[in-house]
Amino acid sequence: MARNRPRTAAPSQEVALIGRLTQQRAIVLEALMAVEGFVGAQALHNRLTGDGTPVGLTTVYRTLTAFAEAGRADVVRESNGERLFRYRPGPDHRHYLICTGCGLSLPVDSEPVETWAEKIARTSGFANVRHTVELAGLCPDCNQRARGR
C-alpha cells in the first residue's frame, strides 16, 4: 500500500519527543520516515523483520502511537479499522485524500477544516479540541482500471 522513498537517518531529537532514545525507537522512526504514504504497524513490522531487524510488534505499535501523540505522525483509519501512520516532519498536521485502491495519499488544503474546528472550539468553550477528517476514493489510475473491468 505504501511506496518507498529514500531512507533517511532517524534524528535523535525526533525520538526524544517520545522519551528516552533507544535503538529500537530510532529504527522504527527511520523505517516510518522511509515510507512514502501511510503504513500500518503490522506492515512496518513485517518490513523490518523481513530485513532482519529484530524489533517487536508491540514496540512498533507503541512507538508509532507515541509519535502520533507527539504530533509527529498523521493517522488515518482504513475501512477495516486499522490505524495507518505517516511521518510528519513538522508540528502541523495535514489531511490527506487516500486512494482505496493503491494507497496513494495526497495532502489536501485543509484550511477551511482548521478554521471551522478552531471556531467550534472557541464558541463551545472546549479546550484541547482535536479533529479527524478522512477523505478516501479512487485515484485516476485506479478509477480507470476499475472502469476497464
Subject >> Subset of region 107-137 (residues that are surrounded by 12 or more Cβ atoms within 10 Å (Cβ to Cβ) and touching a strand residue (DSSP E or B) at 6+ places or on another chain (Cβ under 6 Å)) >> reply: Val108, Ser110, Val133, Glu134, Leu135, Ala136
Subject >> Subset of region 99-135 (residues that are of a type in the set (Gly, Ala, Ser) and in contact (Cβ under 8 Å) with a residue 60 or more places away in the chain) >> reply: Gly103, Ser105
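The rows are residues; the columns are (1) under 19 Å from Asn128 (Cα atoms); (2) modelled with pLDDT of 90 or more; (3) out of contact with any helix residue (DSSP H, G or I) (no Cβ under 6 Å at 6 or more places or on another chain).
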residue: Thr59; (1), (2), (3): no, yes, no
residue: Ala66; (1), (2), (3): yes, no, yes
residue: Ala73; (1), (2), (3): yes, no, no
residue: Val76; (1), (2), (3): no, no, yes
residue: His93; (1), (2), (3): yes, no, yes
residue: Ile98; (1), (2), (3): no, no, yes
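The values are calculated or read from the model by the stated rules, or taken from the named source; none is laboratory data. Because the structure is predicted, anything quoted here is derived from the model rather than measured. Here Cβ is always computed from backbone atoms with ideal geometry, including for glycine, and neighbour counts include all displayed protein chains.
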